[in-house]
Amino acid sequence: MLNANTYVTKEEGIGGTIRNRWEDFYVEEIPEVIPDGEGPNIYIWIEKLGRTTLDVLLDIARDLHIDRKRMGFAGMKDKKAITRQWICIANMDSEEQFNQVKALEGTIHNTEFLKVVRGRKKLRMGQLKGNKFRILVKDIDGMDSEDDETRRLAIEDAAKRADAILKTLEKTGVPNYFGWQRFGKPRTNTHLVGEALIQNDLKEAVRRYIGNPSPEEGEEARVARQAYDDGEWEKSLELMHPGMRYEKMMLKVLIKEEKRAIRKIAEKEGIEPEEVDKSQVELSDKAYKNAIHALPKPLQRMFVHAYQSFLFNAAVSERVAMGMDKYIEGDIVIDKEERIVRDKTNEEFQEMVSSFEINQTCPLYGTKVPFAGGEVGKMEEAILDSYGLTKADFEVPKMPRLGSHGLRRAMRFQVWDASAKAVEDGVMCEFSIDKGSYATAVLREVLKKDVY
């Protein structure tokens with residue numbers, strides 16, 4: 001996990017790998033509200049494989065000829081997994097519209113409609129309790145033996161250790177690190193785009209998203225991104241594979257803006273547009289802003305959030321080292337409704353931490369986020385200083401809607417119904433966790449290695 005440097009449990013990890021097949025990673029949303037079958041909105045309980053939530057919504061919106069903004073969901077779910085979740089289409093109150101949605105069953109790529117029902121309220125981001133996971137860990141230490149008995153014993157021993165780790169985590173909680181999904185894999189750059197936005201460099205933010213080829217990507221994507229960096233934008237667009245949907249959205253806007261700028265230069269100099277030296281064309285911040293605005297709003301907001309997450313992980317690493325289930329004077333603590341809890345004695349705070357009534361927090365840095373007191377606050381300020389940042393940098397004046405006031409986020413999360421058992425192919429780990437938390441943070445403790 002990016003910028004995650006501390007473990008809680010002391011037991012030896014089981015090693016191994018996950019997502020050898022995407023089907024080995026199962027996620028099911030624990031909904032806050034279940035639609036009752038009546039109302040003007042249509043809810044779909046979907047199961048998807050190998051697709052992002054936004055991809056599915058865009059496909060449905062396209063086929064229904066509606067604006068994607070009419071569609072809601074409670075949380076983004078993993079792409080490299082089998083996932084189940086509710087999505088909602090607002091204001092589809094006629095029987096004909098309901099039948100149009102039902103008619104899409106079996107037509108959306110790698111997506112099944114398990115239920116289609118009506119609901120009274122629109123579905124908003126964050127309206128879920130948590131997520132259930134069932135994850136198969138393969139290739140654990142000792143599994144490579146050709147002797148069946150040795151292999152069986154290795155799996156059983158690993159399952160016992162994994163179960164012990166999970167039982168410890170049920171008592172202490174799990175470091176609330178943001179997982180690789182927050183930053184992108186295999187191309188880890190979302191936080192870098194956010195960093196450029198915080199630095200008020202819109203051109204660089206766009207370049208980091210469209211260009212900036214990564215060695216971890218396939219050759220087709222690398223060549224397309226390099227063409228962008230080389231200024232060959234139309235060639236870059238032609239080279240982009242279908243999965244680069246969002247890059248194409250941005251690049252089409254930039255090409256249009258570039259052509260507009262070329263026409264203005266041609267008119268001013270009294271020459272044909274073809275005679276304009278494209279290398280001399282410098283687009284305005286407005287052009288790059290328009291390119292960013294071409295993206296779905298949830299994705300636009302993700303950039304600065306990802307950079308905040310990068311810094312948050314650093315703060316969590318330091319705070320966990322001070323004591324995972326320990327209250328330290330000066331800690332800012334929140335309850336399950338994320339309200340700050342005050343006016344308790346140190347002993348009362350400690351009791352509430354131990355029972356998960358409250359959790360200690362770390363900052364998602366922003367313009368107005370408060371720092372903790374005492375040694376915890378000094379640590380939080382030191383992290384911001386180490387990156388040469390101040391709170392004011394998170395205002396993002398060129399795109400203020402993408403700026404952030406910041407907030408305090410729990411530095412740990414609770415895990416329940418946790419267990420591990422030996423199966424033929426490895427160790428099956430099952431657990432439920434709070435919304436907004438990452439299963440890979442749990443698995444990182446079990447495997448004692450970075451996982452995605």
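The values are calculated or read from the model by the stated rules, or taken from the named source; none is laboratory data. Being a predicted model, the structure only gives us computed values, none of them experimental. Note: ideal-geometry Cβ built from the backbone for every residue, glycine included; neighbour counts use all protein chains shown. Accessible surface areas use protein heavy atoms only, side chains included; no ligands, DNA or RNA. Shrake-Rupley method; radii C 1.70, N 1.55, O 1.52, S 1.80 Å.
Yes or no: residue 156 acidic (Asp, Glu) and outside any strand (DSSP E or B)? Give the steps one after another, and end with the answer.
Details: acidic (Asp, Glu): yes; outside any strand (DSSP E or B): yes.
Yes, satisfied.
Could you look through the range 433-451, keep only residues that are under 15 Å from residue 16 (Cα atoms) and among the acidic types (Asp, Glu), and pick out the one that is surrounded by the fewest Cβ atoms within 10 Å (Cβ to Cβ)?
Filtering the range 433-451 for residues that are under 15 Å from residue 16 (Cα atoms) and among the acidic types (Asp, Glu), the one surrounded by the fewest Cβ atoms within 10 Å (Cβ to Cβ) comes out as 450.
Can you name every residue in the range 371-385 that is of a type in the set (Gly, Ala, Ser) and without any contact (Cβ under 8 Å) to a residue 24 or more places away in the chain?
382
Are there any pairs, at least 6 apart or on different chains, whose C-beta atoms fall under 8 Å, with the first in the range 248-265 and within 11 Å of residue 233 (Cα to Cα) and the second acidic (Asp, Glu) and assigned to a helix (DSSP H, G or I), and if so, which?
Note: pairs meeting the criteria are 255/234.
Any residue at all in the range 80-95 that's closer than 28 Å to residue 184 by Cα, open to solvent by 20 Å² or more (accessible area, probe 1.4 Å) and not in a strand (DSSP E or B)? Talk me through it step by step, then tell me what you get.
Our first condition is that a residue be closer than 28 Å to residue 184 by Cα; within the range 80-95, this holds for 80-89.
Restricting the remaining residues to those that are open to solvent by 20 Å² or more (accessible area, probe 1.4 Å) gives 80, 82, 84.
After this cut, where a residue has to be not in a strand (DSSP E or B) as well, the list is 80.
Taking every residue of the range 80-95 in turn, at least one turns out to be closer than 28 Å to residue 184 by Cα, open to solvent by 20 Å² or more (accessible area, probe 1.4 Å) and not in a strand (DSSP E or B).
Considering each residue of the range 399-448, count those that are outside any strand (DSSP E or B) and either on the phi < 0 side of the Ramachandran plot or hydrophobic (A, V, I, L, M, F, W, C) (or both), and give that number. Working first, answer last.
Of all residues in the range 399-448, those outside any strand (DSSP E or B) come to 399-406, 411, 414, 424-425, 435-448.
From what's left, either on the phi < 0 side of the Ramachandran plot or hydrophobic (A, V, I, L, M, F, W, C) (or both): 399-405, 411, 414, 424-425, 435, 437-447.
Here the count works out to 23.
Which one is nearest to the chain's Cα centre (by Cα) among residues in the range 10-29 that are surrounded by 19 or more Cβ atoms within 10 Å (Cβ to Cβ) and part of a loop (DSSP other than H, G, I, E, B)?
Ranking the qualifying residues of the range 10-29, first place goes to 18.
Among 60, 46, 42, which is open to solvent by less than 30 Å² (accessible area, probe 1.4 Å), β-branched (Val, Ile, Thr), touching a helix residue (DSSP H, G or I) at 6+ places or on another chain (Cβ under 6 Å) and at pLDDT 95 or above? Working first, answer last.
Numbers: 60 fails: touching a helix residue (DSSP H, G or I) at 6+ places or on another chain (Cβ under 6 Å); 46 fails: touching a helix residue (DSSP H, G or I) at 6+ places or on another chain (Cβ under 6 Å).
Every option except 42 fails the conditions.
Name every residue in the range 232-259 that is more than 28 Å from the chain's Cα centre (by Cα) and charged (D, E, K, R), in order of residue number. Can you show your working first?
The first filter runs over the range 232-259 and keeps only residues more than 28 Å from the chain's Cα centre (by Cα), leaving 232-235, 238, 255-259.
If the condition is that a residue be more than 28 Å from the chain's Cα centre (by Cα) and charged (D, E, K, R), then 232, 234, 235, 238, 256, 257, 258, 259 are the ones that fit.
Could you please give the count of residues in the range 383-398 that are surrounded by fewer than 16 Cβ atoms within 10 Å (Cβ to Cβ) and in a loop (DSSP other than H, G, I, E, B)?
Here the count works out to 4.
Could you list, in sequence order, the residues of the range 289-346 that are in a loop (DSSP other than H, G, I, E, B), farther than 17 Å from residue 361 by Cβ and in contact (Cβ under 8 Å) with a residue 60 or more places away in the chain?
Within the range 289-346, 296 is the sole residue that qualifies.
Residue 270 fails exactly one of the following numbered conditions: (1) on the phi > 0 side of the Ramachandran plot; (2) open to solvent by 90 Å² or more (accessible area, probe 1.4 Å). What is the number of that condition?
Evaluating residue 270 over (1) on the phi > 0 side of the Ramachandran plot; (2) open to solvent by 90 Å² or more (accessible area, probe 1.4 Å) leaves (2) as the failure.
Any residue in the range 364-372 that is surrounded by 20 or more Cβ atoms within 10 Å (Cβ to Cβ), part of a strand (DSSP E or B) and either out of contact with any Phe, Trp or Tyr (no Cβ under 7 Å at 6 or more places or on another chain) or at pLDDT 95 or above (or both)?
To start, the set of residues in the range 364-372 that are surrounded by 20 or more Cβ atoms within 10 Å (Cβ to Cβ) comprises 364-365, 369, 372.
If we keep only those that are part of a strand (DSSP E or B) as well, we get 364.
So of that shortlist, the ones also either out of contact with any Phe, Trp or Tyr (no Cβ under 7 Å at 6 or more places or on another chain) or at pLDDT 95 or above (or both) come out as 364.
Scanning the range 364-372 turns up at least one residue that is surrounded by 20 or more Cβ atoms within 10 Å (Cβ to Cβ), part of a strand (DSSP E or B) and either out of contact with any Phe, Trp or Tyr (no Cβ under 7 Å at 6 or more places or on another chain) or at pLDDT 95 or above (or both).
Only one of 297, 278, 289, 259 is open to solvent by 20 Å² or more (accessible area, probe 1.4 Å) and either of a type in the set (S, T, N, Q) or at pLDDT 95 or above (or both). Can you tell me which? Talk me through it step by step, then tell me what you get.
On the way: 297 fails: either of a type in the set (S, T, N, Q) or at pLDDT 95 or above (or both); 278 fails: either of a type in the set (S, T, N, Q) or at pLDDT 95 or above (or both); 259 fails: either of a type in the set (S, T, N, Q) or at pLDDT 95 or above (or both).
When all the criteria are applied, what remains is 289.
State whether the residues of the range 378-396 include one that is hydroxyl-bearing (Ser, Thr, Tyr), more than 27 Å from residue 298 (Cα to Cα) and at pLDDT 95 or above.
Yes, the range 378-396 has at least one match.
Give the residues of the range 166-184 that are open to solvent by less than 30 Å² (accessible area, probe 1.4 Å) and over 20 Å from residue 363 (Cα atoms), sorted by residue number.
166, 169, 172, 184
From the list 167, 235, which residue is more than 30 Å from residue 314 (Cβ to Cβ), part of a helix (DSSP H, G or I) and not acidic (Asp, Glu)? Please lay out each step first, then the result.
Working: 167 fails: more than 30 Å from residue 314 (Cβ to Cβ).
Answer to the selection: 235.
Go through (1) out of contact with any Gly (no Cβ under 7 Å at 6 or more places or on another chain); (2) within 27 Å of residue 81 (Cβ to Cβ); (3) assigned to a loop (DSSP other than H, G, I, E, B) for residue 200 and report which single condition fails.
(2)
So how many residues does the range 185-217 have that are surrounded by fewer than 18 Cβ atoms within 10 Å (Cβ to Cβ) and without any contact (Cβ under 8 Å) to a residue 12 or more places away in the chain?
So the count comes out to 2.
Tell me, please, whether a residue that is closer than 30 Å to residue 298 by Cα and under 25 Å from the mean Cα position of the chain (by Cα) can be found in the range 417-430. Before the answer, list the steps.
Pass one, the range 417-430, residues closer than 30 Å to residue 298 by Cα: 430.
Of the ones still in play, those that are also under 25 Å from the mean Cα position of the chain (by Cα) are 430.
Checked against the condition, which is being closer than 30 Å to residue 298 by Cα and under 25 Å from the mean Cα position of the chain (by Cα), the range 417-430 yields at least one hit.
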